[in-house]
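Novice: Here it is, the structure in full.
The values are calculated or read from the model by the stated rules, or taken from the named source; none is laboratory data. What you see is a predicted model, and the numbers here were worked out from it, not measured in a lab. Counting neighbours? That spans all protein chains shown, and the Cβs are built from the backbone with ideal geometry, glycine included. Side chains included, ligands, DNA and RNA excluded: accessible areas come from the protein's heavy atoms. Shrake-Rupley method; radii C 1.70, N 1.55, O 1.52, S 1.80 Å.
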Amino acid sequence: MTDIAKVTLERQRWLAVLAHAERGAIEQHAALLAEYSFEWLRAPEIGLTMVRARIGGEGDRFNLGEATVTRCAVRHQPARGAATAGIGYLLGRDPARCAWVARFDALLQVAALHELLEREVIEPLRAATARKRAQQRAHTATSSVRFYALQSELAT
Amino acid sequence: MSAVLSSLADVPAGFASPAQASQSVFRSVLDAVSRPGRVMQLDAQMLAGMVAPVALQGRVGRAMAALWLTLLDAETTLGLGGALATPQAAAFCRFHTGVRVAANPLDAAFVAWRHEELMPSFWEQTNPGTDEQPQTGSTLMVEVATLATEREAHAPSDGAVPTHALRLRGPGIEHEHRLHIGGPTRALWERRIAQQRDLPCGLDLILCCGERIAAIPRSTRVVLD
């Protein structure tokens, strides 16, 4: 994989973790941001976006519906090195949370801070989200019904 | 990180408070266009914090950059003429407004030029609209060297830049206004005057100088002094 592709994939991963993190969880880490300075590229704005999906997960595209999205972009100038830009795109209306996501994104791109933030922020958030999802899955599974007499439509 | 990812970090900041600033600038543009011949000073407080693209400092003033942020959106096209056609200027406009930057500036709905690069032939080739849809005619935003009303035009021109006194009459002007514009050549003004007979087709002109603007819409009758 080329350097750019690897870097992009990594960034997508941490942005996904940040975007899916619960408000309470990310708020706890937000105190870390206070010691760094940021400049708005785009102050948080709330708008609508059209969500598109594919029929059956792999067929034709169609418009699923409109979703409210909050977005913002910040710039951070580290003590050494080039300036980095962080973006936050979240479902729902939450300018403060969006700002935290964008700021963490900007800091995670700074080589000197990357390791620390991955360890202290991203890993705990990822673990917390995974735990919550596992709980939900377990809870849903208790109500699952299997029809032994009927053939499944999907050839799995 | 890589050059591709850091390009967002290079985009210059737009308005500090976009909603208020764009309304203030739009109001100034509206006043300038509806009262041709008046020179409007853009509100300095609204422009504060906005950084005109670094690649263009010296080539355009903050009024031009403020116009871009105010008048452009995802439903229109922008043409950057001559030396203004830098990737950074295009990135600035695309990021803050969502506008599409046209590959050929002459095809766009809004076209920005520096006065030295706006040749009379470019004026001819820019879309003036049709008789059925005159409103589709383009708007030119031109950065000029000096812009002064009759009252302000005391300082003698330094001669390096051609200055012309235009007499303006028509809608929005009670009797007559005189505007002293340094930069565009006589040939350009003659082209504009010749296009008068094509009304309602024609190009609307917004002149920018530093942080001031004036406008000469197509409905104004222009006479060179």
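Novice: Could you go through the range B:145-155 and let me know if any residue there is among the hydrophobic types (A, V, I, L, M, F, W, C) and within 13 Å of the chain's Cα centre (by Cα).
Specialist: yes
Novice: Could you look through the range A:36-53, keep only residues that are farther than 24 Å from B:Leu69 by Cβ and without any contact (Cβ under 8 Å) to a residue 40 or more places away in the chain, and pick out the one that is nearest to the other protein chains (Cβ to nearest Cβ)?
Specialist: In this case the residue turns out to be A:Met50.
Novice: Exactly one condition in (1) farther than 24 Å from A:Leu9 by Cβ; (2) in contact with a strand residue (DSSP E or B) (Cβ under 8 Å, 6 or more places away or on another chain) is not met by A:Ile87; state its number.
Specialist: (1)
Novice: Please go through the range B:106-124 and give me each residue that is aliphatic (A, V, I, L, M) and assigned to a helix (DSSP H, G or I), ordered by number.
Specialist: B:Leu106, the sole residue that qualifies.
Novice: Which residues, counting only those in the range A:21-38, are open to solvent by 40 Å² or more (accessible area, probe 1.4 Å) and either of a type in the set (D, E, K, R) or within 17 Å of A:Cys72 (Cβ to Cβ) (or both)? Break it down stepwise before answering.
Specialist: At the first step, the residues of the range A:21-38 found to be open to solvent by 40 Å² or more (accessible area, probe 1.4 Å) are A:22-24, A:27-28, A:31-32, A:34-38.
Listed by number, the residues that qualify are A:Glu22, A:Arg23, A:Glu27, A:Glu35, A:Tyr36, A:Ser37, A:Phe38.
Novice: Please identify the pairs in which a residue from the range A:1-13 that is facing another protein chain (nearest Cβ under 10 Å) has its Cβ atom under 8 Å from the Cβ atom of a residue that is assigned to a helix (DSSP H, G or I) and modelled with pLDDT of 75 or more, counting only partners at least 6 apart or on another chain.
Specialist: A:Arg11/A:Asp105; A:Arg11/A:Leu108
Novice: Taking the criterion of being of a type in the set (D, E, K, R), assigned to a loop (DSSP other than H, G, I, E, B) and surrounded by fewer than 19 Cβ atoms within 10 Å (Cβ to Cβ), would at least one residue in the range B:137-151 satisfy it?
Specialist: Narrowing the range B:137-151 to residues of a type in the set (D, E, K, R): B:143, B:150-151.
Narrowing the set further to residues that are assigned to a loop (DSSP other than H, G, I, E, B) leaves B:150-151.
Of the ones still in play, those that are also surrounded by fewer than 19 Cβ atoms within 10 Å (Cβ to Cβ) are B:150-151.
Scanning the range B:137-151, I find at least one residue that is of a type in the set (D, E, K, R), assigned to a loop (DSSP other than H, G, I, E, B) and surrounded by fewer than 19 Cβ atoms within 10 Å (Cβ to Cβ), so the answer is yes.
Novice: Let me ask you something else. Looking at the range A:26-67, which of the residues that are touching an Asp or Glu at 6+ places or on another chain (Cβ under 9 Å) and not aliphatic (A, V, I, L, M) is nearest to A:Leu125 (Cα to Cα)?
Specialist: A:His29
Novice: Condition first: touching a residue at least 40 places away in the same chain (Cβ under 8 Å) and either in contact with an Asp or Glu (Cβ under 9 Å, 6 or more places away or on another chain) or of a type in the set (Lys, Arg) (or both). Now tell me which residues in the range B:106-126 satisfy that.
Specialist: B:Ala112, B:Arg114, B:His115, B:Pro120, B:Thr126
Novice: Taking A:Arg71 as meeting all but one of (1) in contact with a Ser or Thr (Cβ under 7 Å, 6 or more places away or on another chain); (2) within 27 Å of B:Pro12 (Cβ to Cβ); (3) basic (Lys, Arg), write down the number of the exception.
Specialist: Single failed check for A:Arg71: (1).
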